């Protein structure tokens, strides 16, 4: 990797599986180098996959197979901007339908416990709308949703 700043994500032996799923699911994503442990370590043996370099939607990451000690939580999430309902549905369904879990307001978790915000651009634009009453209507509509409904956000904007 050439980036000076890389997101490091901790996995319990499944970094390559997760990276492969992300590369297959998100545009501008790929699996890079797979680094095998040169020796035994607390939660693995020499030769096991230790680190996986990958990108998710253009963001450089590494997956570290560090063991079961640390778990992902909502304090970190990837926010993926979508252009329409079809893209929103495709990404949401890929995550939730592959052992993931729905949450509120466009958030979901993948099967490894990593949080994602699948956020249509229309929602982001609505929240910064100079018409603050329209922004509040869109916000109130979002607060009732799991997966974001683009048509409902657009309707809320119009009042």
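For residue 73, the conditions (1) more than 14 Å from the chain's Cα centre (by Cα); (2) surrounded by fewer than 14 Cβ atoms within 10 Å (Cβ to Cβ) all hold with the exception of (1). Residue check: is residue 39 surrounded by 11 or more Cβ atoms within 10 Å (Cβ to Cβ), over 14 Å from the mean Cα position of the chain (by Cα), not assigned by TED's automatic domain parsing to the domain that holds residue 90 and not in a helix (DSSP H, G or I)? No. Based on what the data block shows, is residue 53 closer than 29 Å to residue 104 by Cβ and either modelled with pLDDT of 95 or more or assigned by TED's automatic domain parsing to the domain that holds residue 124 (or both)? No.
Residues that are farther than 30 Å from residue 9 by Cβ and either under 18 Å from the mean Cα position of the chain (by Cα) or surrounded by fewer than 14 Cβ atoms within 10 Å (Cβ to Cβ) (or both) within the stretch 113-159 comprise 130, 131, 132, 133, 140, 144, 151, 155, 158, 159, listed in sequence order.
For the stretch 11-33, give me each residue that is outside any helix (DSSP H, G or I) and touching a strand residue (DSSP E or B) at 6+ places or on another chain (Cβ under 9 Å).
First pass over the stretch 11-33, keeping only residues outside any helix (DSSP H, G or I): 11-14, 26-33.
Residues satisfying the conditions are 11, 12, 13, 14, 26, 28, 29, 30, 31, 32, 33.
Quick check, is residue 122 in contact (Cβ under 8 Å) with a residue 24 or more places away in the chain and farther than 15 Å from residue 77 by Cβ? Here the answer is yes, as residue 122 does meet what is asked.
The values are calculated or read from the model by the stated rules, or taken from the named source; none is laboratory data. Since the structure is predicted, the reported quantities are computational estimates derived from the model, not experimental observations. Backbone-built Cβ (ideal geometry, glycine too); neighbour counts: all protein chains shown.
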